[in-house]
Amino acid sequence: MEINQITDKIIGCAIEVHKALGPGLLESAYEECLDFELRNAGFFTQRQFAVPVVYKEIKLECGYRIDILVDNKVVIELKTVDFFSPVH
């Protein structure tokens, strides 16, 4: 499946979660539900996937955590906010 096809389906899953839950929950709730939708859509997902960071000779085993990695191709970074500000 091509990246655009994958991202189209991911967006559809995200919209489904938002329609069902609405606003106001913690990021972890949306992550759990989106992961459920993605798996039901046939995707392979990994949650809180650790990505090492190497700086010169220093390797940090968990320099970063990806919220959801889809089919080892697409990174999903979820964010929740209390209200929209101009930066959004």
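The figures follow:
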{"read-out": "Of the GluC sites (Glu not before Pro) in the chain, those whose Cβ has at most 14 other Cβ within 10 Å and which sit in DSSP loop", "value": "GLU2, GLU57, GLU77"}
{"read-out": "Approximate spin-label separation ILE15-THR80, in nm, with each point projected 7 Å along Cα-to-Cβ", "value": "2.3 nm"}
{"read-out": "Acute angle (nearest 10 degrees) that the helix 27-40 long axis makes with the longest principal axis of the chain, alpha-carbon atoms", "value": "80 degrees"}
{"read-out": "Inter-label distance, nm, simple model (7 Å from Cα along the C-beta direction), GLN48/GLU27", "value": "1.3 nm"}
{"read-out": "Exposed trypsin sites (Lys or Arg not before Pro) absent - longest run of the chain, DSSP non-H/G/I/E/B, at most 16 other C-beta within 10 Å", "value": "1-55"}
{"read-out": "At most 16 other Cβ within 10 Å, DSSP loop - chymotrypsin sites (Phe, Trp or Tyr not before Pro), the stretch 48-88", "value": "PHE83, PHE84"}
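Taken together, the values in this text are just the output of simple stated rules run on the coordinates, not laboratory data. Just so you know, these numbers come straight off a predicted model, no measurement behind them. Glycine also receives a Cβ, built like all others from the backbone with ideal geometry; neighbour counts cover every protein chain displayed.
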